[in-house]
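The structure under discussion appears below in the form of C-alpha cells.
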Amino acid sequence: MPRNLLACLALLLCGIALADAPQPPAVDARAWLLLDATSGQTIASRNPQERIEPASLTKLMTAYLAFAALKGKSLALGQTIRVSELAWRAGGSRMFIEPRKPVTVEELLRGMIVQSGNDACIALAESVAGSEPAFVERMNSEAARLGMTDTNFTNSSGLPGPGHYSTARDLALLASALIRDYPEYYKLYSEREYRYNDITQRNRNRLLWLDPNVDGVKTGHTESAGYCLIASARRGERRLVSVVIGTPSDGLRARESQKLLNFGFQAWETRRLYRRGERVAEPAVYKGTSDSVILGFDRDVWVSLPRERFEGLKAVLETRQPFVAPLAAGEKAGIMKLTRDNAPVAEFPVVALEDVPVAGFLSRGWDTLRLLLR
C-alpha cells in the first residue's frame, strides 16, 4: 500500500470516539496538533486544517528531498557544492556560505537543520534540482504524494510570500514521514549547535536542552507567522509529534509544545494490537488453487487510547465473502473494526497475505456449482 495512503488511513480512519476522553491542556497558539506517530492517530488538535504560514518549518520538505537524493545516490554527504550568488545573497537566517569557499552537502544539511540557514536551503535545492524553482516543483509533488492536501510551497526556505502555505495537519504528516523514512539522517535534528565559517550558532529548539526525550524537530518564525515549533519525543517504542503554530514568543512555543508532549505521554497510551503478517482469519476461497486464504495486516497495527481504556476493546472483522480467485498478496480483503462500549474506536484494512491463483477448469466448474448452492 502506498505510504501516503497509509498516512491518510492512520490519520483519518483511526479517530477516537470516546465521549470521556481526557481534555487537552489550553495551548496559546493559533493552531496546534498532537500526533502519536507510532499509531498514526491525532490525539488532540485545534484548527488543524487552517492554512497558516509555515515559515522555516518549510525546511522539513527541503530536507526530505535532500535525504531522498542521498538515499538515491544522486547526492553524497562529502560532495562539494558550488555556492551560487542567489544562495549567498539569501535573506533571513543564514549559515554564511560564500561563493569562493567550498562547502559539502553534509555541511549544508547541518547549516539548514541546526542553524536554519536560508542560504543552505537554496544551495541544496540547486544541487538536487538544478534551480530553486525546479526544486519547488518537486516539493509540491512530494507534498501531494504524502497526502498534504492543504499545502503549497513557493520557495525552499520558508520566506513569506503569496501562495506559500500549509496546515498543522500537513506539517505533522511531513514530520512523521521524515522521521519514518530517513532515520539515519533524522539524528541531525538533535544536534544542539553547529559551527561553520568560524561562527557558532545554537539550535533554536529549546526543548533539546529541557527534555531528554526530545530529539527534534524544527523551529520557525516570521513577523506574520509568529513563533512555531514542530517537536518530537520518544519514550520506548512510542513517538509523539507536536505542531505548534503562531505563539507570541520563543519561550512560549517551547513551553506549549512541552505541555502537549507531556499530556500525550501521561494521559494516553499506545499498544500494538497486531503484528505485520499475523493471521487473523482464514476464509474459504472458490475457484482457486487453494481452498482458503490467510488474511492479516501488511504492517504492525498500533492503537492509541486514553490510559486504562484498552479493557473492553472489541474487534470485529468484516470481509467481502465469498472470496473468488484470483487473489493477490496485499489485496484488500476486509476491515477490522475496533469498538468500545458499542462506540467506534478505529478501523484498519485487512489484506490477503498470500497469492491464490486461479485453479484448473474442472475445479472452477465444481466451485461454480458450490457457489450456486450457497
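The values are calculated or read from the model by the stated rules, or taken from the named source; none is laboratory data. Source: prediction; values computed, not measured. Ideal geometry is used to build each Cβ from the backbone, glycine not excepted, and the neighbour counts take in all protein chains shown. Note: accessible area is taken over every heavy atom of the protein model, side chains too, but ligands, DNA and RNA are not part of it. Shrake-Rupley method; radii C 1.70, N 1.55, O 1.52, S 1.80 Å.
Read through the list (1) open to solvent by 40 Å² or more (accessible area, probe 1.4 Å); (2) at pLDDT 95 or above; (3) out of contact with any helix residue (DSSP H, G or I) (no Cβ under 6 Å at 6 or more places or on another chain), then give the number of the only condition that Pro54 fails.
Result: Pro54 fails condition (1) only.
Give Leu70, Leu75 a once-over and let me know the one that is assigned to a loop (DSSP other than H, G, I, E, B), of a type in the set (A, V, I, L, M, F, W, C), more than 29 Å from Ala267 (Cα to Cα) and open to solvent by less than 20 Å² (accessible area, probe 1.4 Å).
Leu75
I'd like the full set of residues that are small (Gly, Ala, Ser) and surrounded by 13 or more Cβ atoms within 10 Å (Cβ to Cβ), limited to segment 311-325.
Answer for segment 311-325, where residues must be small (Gly, Ala, Ser) and surrounded by 13 or more Cβ atoms within 10 Å (Cβ to Cβ): Ala315, Ala325.
If Thr247 passes every condition in (1) out of contact with any Cys (no Cβ under 9 Å at 6 or more places or on another chain); (2) touching a residue at least 40 places away in the same chain (Cβ under 8 Å); (3) within 22 Å of Ala44 (Cα to Cα); (4) among the hydroxyl-bearing types (Ser, Thr, Tyr) but one, which one does it miss?
(1)
Gly216 versus (1) touching a strand residue (DSSP E or B) at 6+ places or on another chain (Cβ under 7 Å); (2) closer than 29 Å to Ser304 by Cβ; (3) buried (at least 20 other Cβ atoms within 10 Å of the Cβ); (4) at pLDDT 95 or above: which is the lone unmet condition?
Only one criterion in (1) touching a strand residue (DSSP E or B) at 6+ places or on another chain (Cβ under 7 Å); (2) closer than 29 Å to Ser304 by Cβ; (3) buried (at least 20 other Cβ atoms within 10 Å of the Cβ); (4) at pLDDT 95 or above is unmet by Gly216, namely (4).
If you take the residues of segment 331-353 that are farther than 15 Å from Val285 by Cβ and more than 25 Å from the chain's Cα centre (by Cα), which of them is surrounded by the most Cβ atoms within 10 Å (Cβ to Cβ)?
For segment 331-353, the residue satisfying everything is Arg340.
In segment 259-286, how many are among the charged types (D, E, K, R) and crowded, with 22+ Cβ neighbours inside 10 Å?
Adding up the residues that qualify gives 0.
Among the residues of segment 299-308, is there at least one that is open to solvent by less than 30 Å² (accessible area, probe 1.4 Å) and more than 25 Å from the chain's Cα centre (by Cα)?
Within segment 299-308, not a single residue is open to solvent by less than 30 Å² (accessible area, probe 1.4 Å) and more than 25 Å from the chain's Cα centre (by Cα).
Could you check, for segment 242-258, whether at least one of its residues is more than 22 Å from Lys187 (Cα to Cα), open to solvent by less than 40 Å² (accessible area, probe 1.4 Å), small (Gly, Ala, Ser) and in contact with a strand residue (DSSP E or B) (Cβ under 7 Å, 6 or more places away or on another chain)?
yes
Any idea which residue in segment 219-241 is most open to solvent (accessible area, probe 1.4 Å), counting only those that are basic (Lys, Arg) and farther than 17 Å from Leu171 by Cα?
Arg234
Here's the yes/no breakdown for (1) at pLDDT 95 or above; (2) of a type outside the set (Asp, Glu); (3) touching a helix residue (DSSP H, G or I) at 6+ places or on another chain (Cβ under 6 Å):
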{"residue": "Tyr182", "(1), (2), (3)": "yes, yes, yes"}
{"residue": "Asn197", "(1), (2), (3)": "no, yes, no"}
{"residue": "Arg206", "(1), (2), (3)": "yes, yes, yes"}
{"residue": "Leu229", "(1), (2), (3)": "yes, yes, yes"}
{"residue": "Ala233", "(1), (2), (3)": "yes, yes, yes"}
{"residue": "Glu237", "(1), (2), (3)": "no, no, no"}
{"residue": "Val243", "(1), (2), (3)": "yes, yes, yes"}
{"residue": "Phe263", "(1), (2), (3)": "yes, yes, no"}
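Filter segment 215-236 down to the residues that are within 15 Å of Leu34 (Cβ to Cβ) and charged (D, E, K, R) and list them by number.
Arg234, Arg235
Go through segment 312-330 residue by residue and tally those that are more than 29 Å from the chain's Cα centre (by Cα) and among the charged types (D, E, K, R).
1
Just to be sure I understand, how many residues within segment 180-203 are aromatic (Phe, Trp, Tyr) and either assigned to a strand (DSSP E or B) or out of contact with any strand residue (DSSP E or B) (no Cβ under 8 Å at 6 or more places or on another chain) (or both)?
Qualifying residue count for the region: 4.
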